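I have placed the structure first, in the form of structure tokens, so that the comments after it can refer back to it.
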Amino acid sequence: MAIQDSASIRVLPGTHSLPLPISFGTETLLTSLFLKCSSPESKIFIEASVCWRAEASQLPIVPKIILRLRRGGVTPAFPEVSQIADSCYWTNNMSPTSVTTTFYHVESPEPGTDGLYQSYYLTAESAGIGTITVMGPIVLKGTTIGYS
């Protein structure tokens, strides 16, 4: 087994569109990457990490973020290959709470994609009560491993 391809994206706090408020019920693109698949026996390993903040409130609320990894495109029409939900319990403390959520995904390449690039899109959506802001960093790393 050998590394056939690798890619990584790191969006730092205060760069590009960060900080980025995340709307309730709307999937928002955070970043993407492309990995080459050289054989059907290959494995694709992806790691995603997002630092986000729950905004202060006077009510005991539970802000919830949903992070998704999609293959091929950013809209719900494209396959969701991984998803994680995370929340941050909030009391009437007025200090914002930052949380870093990390997840991993492993898959085989889609049939017929030998020698082609697979695209992966990391998105975020607010699903709980309260306001969520992605502060960064946002990290998306991918590696294709297989036989040369």
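Miscellaneous remarks
- With the simple spin-label model, which puts each label point 7 Å out from Cα in the Cβ direction, the Ser6 to Ala127 separation comes to 3.2 nm.
- Options (1) 44, 37, 22; (2) 61, 32, 32; (3) 57, 27, 24 - which one matches Cα extents along the principal axes in Å as calculated here: (3)
- Averaged over its residues, the chain has an accessible area of 50 Å² per residue, based on protein heavy atoms and a 1.4 Å probe.
- Site pair Glu107 and Ile84 shows an inter-label distance of 1.7 nm when each label is modelled 7 Å from Cα along Cα→Cβ.
- Hz values of 3J(HN,Hα) by residue in the range 19-30 - Karplus curve (6.51, -1.76, 1.60), Gly and Pro given as x: x, 10, x, 10, 7, 5, x, 10, 6, 10, 5, 9
- All other residues whose Cβ lies under 14 angstrom from that of Gly128 are scored, Lys and Arg at +1 and Asp and Glu at -1, for a net of -1.
- Length-normalised contact order of the range 2-146 in % [C-alpha pairs under 8 Å, at least 6 apart]: 49
- All aspartates and glutamates inside 18 Å of Lys36 as judged from Cα atoms, apart from same-chain residues fewer than 8 positions distant: Asp5, Glu47, Glu107, Glu110, Asp114
The values are calculated or read from the model by the stated rules, or taken from the named source; none is laboratory data. For clarity, every value in this text was computed on a predicted model and none was experimentally measured. Positions of Cβ are generated from backbone atoms using ideal geometry, with glycine treated the same way; all protein chains shown enter the neighbour counts. SASA here: full protein model, heavy atoms, side chains in, ligands and nucleic acids out. Shrake-Rupley method; radii C 1.70, N 1.55, O 1.52, S 1.80 Å.
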